[in-house]
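Notes follow once the structure below has been shown.
The values are calculated or read from the model by the stated rules, or taken from the named source; none is laboratory data. Predicted model only: the values in this text are computed from it and were never measured. Positions of Cβ are generated from backbone atoms using ideal geometry, with glycine treated the same way; all protein chains shown enter the neighbour counts.
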């Protein structure tokens, strides 16, 4: 696996080593020892989640607060998404900045989003199956979120806003300025 640092400290793009032959391909999608060495941080995942969505579905920007904060290792099994992480760590030099990565079943790229970040994704293909590991269990009372089109974040979702499919819950999320604090 190739671990690529990003402008947001702690976020990594992870490119797998894919072995192909006439039968298809093989790749190691996760190895705890390799992963911890690559991100230079001990992370122990406790929960796997998967979602299926159609083109234009935007999920996010979500996070968990306090002792329930979560790091995520995300990937796309089928289809293509624009995946976004926003730094919401108080005092961080990159607070309010974001990074976008295209993840697909074809490129098999993964994205590590550590604790202290809001996360969301937009489905670019007709359908997508999204899979992610979390290092902490979900806790409803610790949910936080930021509106996808917060002008302070200025995220280019690369999709017409009028064609986005967004849950009612995500449509009424606050701006970063008014969001629930991470810690």
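A few comments on the model shown:
- Selected residue (criterion: nearest to residue 62 (Cα to Cα)) from residues of the stretch 82-98 that are under 15 Å from the mean Cα position of the chain (by Cα) and in a loop (DSSP other than H, G, I, E, B): 88
- Of residues in the stretch 54-107 being under 15 Å from residue 131 (Cβ atoms) and touching a helix residue (DSSP H, G or I) at 6+ places or on another chain (Cβ under 8 Å), the one surrounded by the fewest Cβ atoms within 10 Å (Cβ to Cβ): 59
- The set of residues from the stretch 135-168 being outside any loop (DSSP other than H, G, I, E, B), in contact (Cβ under 8 Å) with a residue 24 or more places away in the chain and within 18 Å of residue 122 (Cβ to Cβ) comprises 145, 163, 165.
- Looking only at residues in the stretch 39-53 that are in contact with a strand residue (DSSP E or B) (Cβ under 7 Å, 6 or more places away or on another chain) and exposed (fewer than 12 other Cβ atoms within 10 Å of the Cβ), the one that is farthest from residue 136 (Cα to Cα) is 50.
- Members of the stretch 123-134 found to be surrounded by 14 or more Cβ atoms within 10 Å (Cβ to Cβ) and not in a loop (DSSP other than H, G, I, E, B), listed by number: 123, 128, 129, 130, 131, 132, 133, 134
- Of all residues in the stretch 7-22 being in a loop (DSSP other than H, G, I, E, B) and without any contact (Cβ under 8 Å) to a residue 60 or more places away in the chain, the one that is farthest from residue 37 (Cα to Cα): 22
- Every residue from the stretch 169-179 that is in a loop (DSSP other than H, G, I, E, B) and surrounded by fewer than 16 Cβ atoms within 10 Å (Cβ to Cβ): 172, 174, 175
- When 170, 150 are screened for being over 17 Å from the mean Cα position of the chain (by Cα) and more than 21 Å from residue 12 (Cα to Cα), only 150 passes.
- Enumeration of residues in the stretch 5-27 that are within 18 Å of residue 76 (Cα to Cα) and touching a strand residue (DSSP E or B) at 6+ places or on another chain (Cβ under 6 Å): 11, 12, 13, 14, 15, 16, 18, 25, 26, 27
- Subset of the stretch 105-122 [assigned to a loop (DSSP other than H, G, I, E, B) and closer than 26 Å to residue 66 by Cβ]: 114, 115, 116
- Selection from the stretch 27-59 of residues that are part of a strand (DSSP E or B) and modelled with pLDDT of 95 or more: 47, 48, 49, 50, 51, 52, 53, 54, 57, 58, 59
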